[in-house]
1. Work out the FRET efficiency for A311 and T271 from their Cβ-Cβ distance, taking R0 = 35 Å, and round it to the nearest 0.05.
2. Just to check, using Stokes-Einstein with a Kirkwood Rh over alpha carbon pairs, what's the diffusion coefficient of segment 329-467 at 20 °C and 1.002 mPa s in µm²/s?
3. So what does log10 I(q)/I(0) come out to for segment 494-580 at q = 0.15, 0.20, 0.22 Å⁻¹, using the Debye formula with one equal point on every Cα and no solvent?
4. Any idea how far apart A534 and Q657 come out in nm if each label point goes 7 Å out from Cα toward Cβ?
5. What translational D, rounded to a whole number of µm²/s, comes out for segment 493-532 from Stokes-Einstein when the hydrodynamic radius is the Kirkwood one over Cα pairs, at 20 °C and 1.002 mPa s?
6. Distance between Cα centroids, segment 283-317 to segment 556-596: provide it in whole Å.
7. What's the whole-number percent of alpha carbon pairs in segment 254-303 lying beyond 12 angstrom?
8. Tell me, what is the FRET efficiency for N278 and I671 to the nearest 0.05, using R0 = 25 angstrom and their Cβ-Cβ distance as r?
Amino acid sequence: MPTSNSPTVATAVTAATARHSSAMDASDGGLSVDAGSPQRSVGLGRDGILSAPSSDGSDVNSPSLAGTIGAAPPSASSQAGLVTDANPLKRRNADASADYPRRRAMIACEVCRSRKSRCDGTKPKCKLCTELGATCIYREPGIKLDAGDKMILERLGHIENLLQMNLADAISSSSTQQQQQSPRRESSALSTLWPSIAAETSPFVSVVPASTIGTWSSTTNISTMPKVHTNAAMHLLQWPLICDLVTQPYDPQILLRLEMARESLPSLAQTPRIDLSNMAAYITAYFERVNVWYACVNPYTWHNLYGTALANGLREGPESCIVLLVLALGQAGLGGSISRLVPRCDPPGLSYFTAAWALLPAMMTSNSVLAAQCHLLAAVYLFYLVRPLEAWNLLCTTSTKLQLLLMVPDRVPSGQRELTERIYWNALLFESDLLAELDLPHSGIVQLEENVGLPCGFEGRDPTDSQQATTLDSTAAGRDDLWYFLAEIALRRLLNRVSQLLYARDAAASPASLGPIVAELDYQLTQWYDNLPAPLQFSFASVPLADRVQTVLRQRFFACRTIIYRPYILAVLDREQGREQAVMLEPAVRAACHHCLESAVRQLENVTANQDGHMPYLWQAALSFTSQALLVMGASMSPSLADILLSIVPSRAMLDQLMANVVAETARYAILAPSLSLAADIVRQAEARRREYLGG
C-alpha cells in the first residue's frame, strides 16, 4: 500500500482535479487549458445529472407542463359555454382538452420490448413480468447533453475508474496482509529503497482459485500491462506527420507476424560437441557479468548443484540442464553484444544451449522449482539470441509451473521459496516487456503478483551476521547482488502503470485530463530515482557512463519519462492537422512537450550504450530507439514543436547527425531478427523522407 511519501494515483488525481477543474480550449487560437469552472452546477451523482433543471428553469417532467405541451387553445364558443351539436368533432376535441389532459408516452420494460408486447407500465413489475416471474427493468428517461456536459461526465467517469481500481487494490493488499500469520523477513534496504512497492507486495502467501489459472483476472491492479494498449512502437506510424514518413501503412501486429514466420534454430536438431576445458571461466563470467541482471541462480548452493550435475555426466536431471545453461550464458557474457559478432557464425554458448535443449523435454513434464528455473534460463539465452517469440513460449511454460506451485504454499520447499520468487519476477518482467511491443496472450502469471514477496536474500545467509556472511561469501561462486533486479522490478511496475493510465483503451486523451495523471507518474519516476542506492544512481549529463548497470538504468529512465509525456506530443500533432502555421501552446502543454522530447533526445544520444545491456535489453531497447527516433522526426517537422526540439538540440546539423547515428545503430540489429530488420528499414526510410520534407 502506498506510503505517505508516495501518494496513490487516485489521491493525486482527486486533489489535482479539485485544484484544477480544467477543460481543453477548442478555439482556433491554439491548444490550451482553461482553468475556469463550469457555468452550471450539476450534481455529480447519477440522480443529480438526470434531474438537472432545464435552461429556462422549468421542469420538463412536471405534470402541469406535460399537460400543456401540444394542447390547442379553447375556442371562443367553448369559453362562453355555447357548445352546439352542429359540429360534434369540435365538441369532442374541446371536451378532451378539458377532461383528458395529454399524457406522456408510457415507457415499456425490457421484457415487453423484447417480446414486442404491450406493457402496462406498472411499477415495480408490469403485469407480463409478474406472470412470467421475470425481472422487470425500465429504461431511464434520456437527457440531452451539450459538449460541456459530455466532457465533464467523461472526465468524472475516468477519475471514478481510477479511484475504484486503486481502492480495490488497497483492499486486496490489506486483506492479504491480515491473512499473514508469520510474516517473512524483508530486506531493510528494500523498504528504504521502495517503501511503496515493499508495502504493496505481501510476503510469500498464495490463495489462488484453481479456476483462474491461465486467465486474465487482474482487473484492479494498475501495475500490470493492459490487454489492449497503444504504447508499442508501431502505433506511432499512425500519428499525424509521422505517418507521412513511411511509404505504406503498417499493421501494428506486423512485428508479431514476422516473428511467427521465422524459422527455428537449425542447430537444435544436431548433437552438440561440448568444450569442457573452459567451464570454470564461463561459470565465473556468468556470476560476474550475467547473474546481476537476473539474480536467479543461488551462488551459495552452486557448488552442490554443480557437483550433482557432474555426477550425472551433464546428461540428465534439472541440475545438469541448469549447469549447461549457466555455461551458455557465461560464454555469451564473455563474447559481448551479439550485434557486434561476425554474421553467420555460431553465437557464443550455442553448443551448451543445444545440449541443455535436449534435456528440456524431461523438464517440460516436471513441476518442480528447478524445472521452472531451467525454462527461465533457456528463455534468457533465447533473448540473448534475439528470439523473443521462442523465449515467450518457454516463459509460458515457466508461468504454468509457477502458478501450479504457488497455488498452495506447501508445494514449495522452504529452502526454495526465495528462488521461486526470483523466477517469478523474472518471468513477469520478461512478459511485460514482450506485451509492451507484441500483441501476445497473457499467461495469467500476473494474478499472483500481489501474493508473491520481493527478493530479499537466499535462505541461510543473514546479512546482519558479518562473520557468517564473510564465510559464505568466501565459498560462494559469486556475489548475490539484488540492487539492479529490485530497481528493475520497481521501474517495470511503473511502466505498466503508465500503459494502464495513458495508453489503455479508456485512458485519458486531452491535456486537461492528462495533467494530474502525468504529474503523479512523473513524481513516482522521480521518487524511484531518488531512492536508488548510491552505486546505482546515474548522472543525467550527456556523457557515457563507466558502469554498465547505471547505463542500462539511465536508458530505462529516459524511456519511461518519454512515454509518460508522449500523449502531449500526439495532442499537439492532432491540433496542427490541416494547418501550416504553429498553434499556440499553453505553458503547461509546452513544458510537457519539452520534457518528452528532451528525454527522447537523451536516450538517442547514447544509442550505442545499448551494448552494455546486451543480455537483458537488446531487443526491447532497439524498438524503444525506433519509437524515440520517430517521435523526434515528427517533432522536427511540426511548426509548433520544432522550436522546442531545437532548444534541446542546438542546431539542425546536430539533429541530423543524431538521427544518422540512430539509423546506423539500428542497421546493425537488422540481421538479428525480422522484427528488428523491419524497424531498421522504417527508421532509415523515415529519416530520408524527413530530410526531403525539410529540404535537406
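1. Details: r = 22 Å, r/R0 = 0.63.
Once rounded, the FRET efficiency stands at 0.95.
2. Numbers: Rh = 16.4 Å.
The estimated diffusion coefficient comes to 130 µm²/s.
3. Log-scaled intensity ratios, in q order: -0.66, -0.94, -1.04.
4. Calculated label separation equals 3.6 nm.
5. Working: Rh = 10.6 Å.
In µm²/s, the coefficient is 201.
6. Rounded to whole Å, the Cα centres lie 48 Å apart.
7. Details: 939 of 1225 pairs.
Distances greater than 12 Å cover 77 percent of the Cα pairs.
8. Values: r = 27 Å, r/R0 = 1.08.
E between N278 and I671, to the nearest 0.05, is 0.40.
None of the figures in this text is laboratory data; all of them are computed from the coordinates on show. Just so you know, these numbers come straight off a predicted model, no measurement behind them. No Cβ is skipped: glycine too gets one built from the backbone with ideal geometry, and neighbour counts run over all protein chains shown.
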